[in-house]
Each structure stands twice: as C-alpha cells, then as structure tokens.
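Here is the structure we will look at, set down as structure tokens.
The values are calculated or read from the model by the stated rules, or taken from the named source; none is laboratory data. Quick caveat, the model's predicted, so the values are computed rather than measured. These accessible areas exclude ligands, DNA and RNA; they are computed on the full protein's heavy atoms, side chains included. Shrake-Rupley method; radii C 1.70, N 1.55, O 1.52, S 1.80 Å.
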Amino acid sequence: QLVESGGGWVKPGGSLRLSCAASGLTFSSYVLGWFRQAPGKEREFVAHIDWSSGLTRYADSVKARFTISRDSAKNTEYLQMNSLKPEDTAVYYCAAAARQLAGVTSSDYKYWGRGTQVTVSS
C-alpha cells in the first residue's frame with residue numbers, strides 16, 4: 001500500500017514536500033518513484049529511488065529543483081520540490097516497481113497510490 005501526503009497550493013518559487021508511506025513491500029527489491037499527471041496530459045515520470053542502493057533518477061524538467069529521498073526506518077519516501085513553477089501543477093502519484101523492471105514509464109510500476117494534488121499559482 002502506498003499513501004501520499006503533503007500536496008497543496010503554493011505560489012511560484014515556493015516549496016512543498018510530498019511524502020509516501022509504504023507498506024507490504026519487500027523494500028530491498030523495489031524502486032519507489034513519483035509520477036505526475038496534469039489535466040489533459042499523460043502521466044509522466046518525475047523521479048525514482050532504488051530503495052536498497054539509494055541511487056536516484058530524475059526527469060530533466062525537475063532536475064536540480066526536486067530531490068527524492070527515503071527513510072528506511074519509517075518506510076517512507078519523500079519528494080522535496082523547490083522553485084516550483086505553474087507547469088508543475090498536477091496530481092502527484094507515488095509508485096513502486098520491481099528493481100529489475102523500474103524505468104521511466106508508468107507501465108513499469110505495479111503499485112500506485114491515489115495521488116495528491118499540487119497546485120502552483122499566484
């Protein structure tokens with residue numbers, strides 16, 4: 001089970017931190033990631049982290065602004081989002097994929113949260 005929290009409204013240039021509480025997984029075998037979907041657009045990859053190694057990958061559109069991390073003791077992953085732009089507005093989803101399958105397409109991910117809305121507007 002994946003449960004997101006931390007979404008909300010923020011002005012351009014502001015920051016938000018999303019959390020994803022995970023349970024029921026053998027974490028060492030999984031990559032946890034974040035996707036987002038804006039109205040009328042396809043769901044797109046944002047970032048992911050290998051739970052075991054801590055290796056990360058980011059979409060070019062968020063690199064240097066967003067940081068993904070995990071807290072193994074809390075079974076929680078985070079997405080720190082800084083310098084937010086109106087084009088970051090979307091529903092953000094937490095997702096989990098087996099390590100050997102995890103890439104940047106949504107079909108790689110087997111487990112999904114329900115999403116949390118992020119709105120960036122003045």
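In the full protein context, the range 1-83 carries 51 Å² of accessible surface per residue, based on a 1.4 Å probe and ignoring ligands, DNA and RNA.
Split the accessible area of the chain by element, probe 1.4 Å, and carbon with sulfur accounts for 46%.
Subtracting the Cα-Cα distance of S15 and D60 from 0.36 nm times their residue separation leaves 14.4 nm of extension gain.
Total lysine pairs in the chain at Cα distances under 20 Å, for residues eight or more apart or on different chains: 4.
Given their separation in residues at 0.36 nm each and the Cα-Cα distance between them, S69 and S29 gain 12.8 nm when the chain is fully extended.
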